[in-house]
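No lab work stands behind these numbers, since they all come straight from the coordinates. Just so we're clear, the structure is a prediction, and the values are computed from it rather than from any experiment. A quick note on method: Cβ atoms are made from the backbone with ideal geometry, for glycine too, and the neighbour counts reach across all protein chains shown.
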Amino acid sequence: MPSRHSPRTASPRTSNIAAASRNAQRPDRQQAILFAAEKLFAQSGYHAVTIRQIAEEAGVPLALVGYYYGPKQDLFHAIFAHWNQTIEERLAALDAASHDPEDPQTLTRIVEAFVGPVIKLRSSPEGHHYAQLVGRELAYNSQEADRVLRDFFDPMAHRFIDALHSALPHATRADVAWGYQFALGALLHHLVDDRVARLSLEVNRPGDPAACERLIRFIVGGLRAALPIPTPPLSPRPSTPSTTRRL
């Protein structure tokens, strides 16, 4: 018989919780979980990834994922909270841009603020997966994506739509909102597209930051074409009074 003083065997659940508590003071592990989730969500999609896969990718005990972030949808949300400085960078560039409708460069500068920081992030090693995640997941109508859009991206979108409206005052704000969505579609596609290499016969590189200027020109041209300044109607020519020849 075992001695009455023999230690009791801990249950698996208790062991998992204890392991999570022991590792809770390791902020590098917390960050590893976030980056592992970001990578896997970007590569495979939110719904295809399990918490177990995230823990394995991060090299941490399974219980530690829930200890830091709770359920999977909260971990998804935490990724965008972590990268919120990218939105702040875009808004700072927007504030620095001219909003004068008489300045011919106003529209271009607003679009540069919208596109430039994201393309820069896409081409960086640390932001590569996040930019792909934005392009992949936020284009689809899911409960998780809608929460992220409402919390982080909708306030920024309203700021850009207002700025675009100031540059295109002849259009209604509702029409400018359509223009914003079309511009967003072009940007999101560029973030995730790999097909351009095949279509260009391997000349173009997917996500190439050198394409940023071309994308900006494309969006600016599209906005101007979709929301043109109305041409004033031609004034009728004054009628010339007929003269009668007197004999």
For this session: Return yes when Leu184 is touching a residue at least 40 places away in the same chain (Cβ under 8 Å) and within 21 Å of the chain's Cα centre (by Cα) and no when it is not.
Result: no
For this session: Answer yes or no as to whether His129 is part of a helix (DSSP H, G or I), farther than 24 Å from Gly207 by Cβ and touching a helix residue (DSSP H, G or I) at 6+ places or on another chain (Cβ under 9 Å).
Result: no
Problem set entry | Pair list, Cβ under 7 Å, 6 or more apart: the range 133-145 residue among the basic types (Lys, Arg), other residue part of a helix (DSSP H, G or I) and surrounded by fewer than 19 Cβ atoms within 10 Å (Cβ to Cβ) | none
Seminar exercise, completed: Conditions (1) acidic (Asp, Glu); (2) part of a helix (DSSP H, G or I); (3) farther than 21 Å from Pro209 by Cα; (4) without any contact (Cβ under 8 Å) to a residue 12 or more places away in the chain -> Glu102 fails only (2)
Exercise. Do you know which of the residues in the range 110-138 that are more than 12 Å from the chain's Cα centre (by Cα) and hydroxyl-bearing (Ser, Thr, Tyr) is farthest from Trp83 (Cα to Cα)?
Worked result: Ser123
Exercise. Within the range 195-208, is even one residue surrounded by 15 or more Cβ atoms within 10 Å (Cβ to Cβ) and under 13 Å from the mean Cα position of the chain (by Cα)?
Worked result: no
For this session: Give me a count of the residues in the range 53-82 that are part of a loop (DSSP other than H, G, I, E, B) and surrounded by fewer than 18 Cβ atoms within 10 Å (Cβ to Cβ).
Result: 3
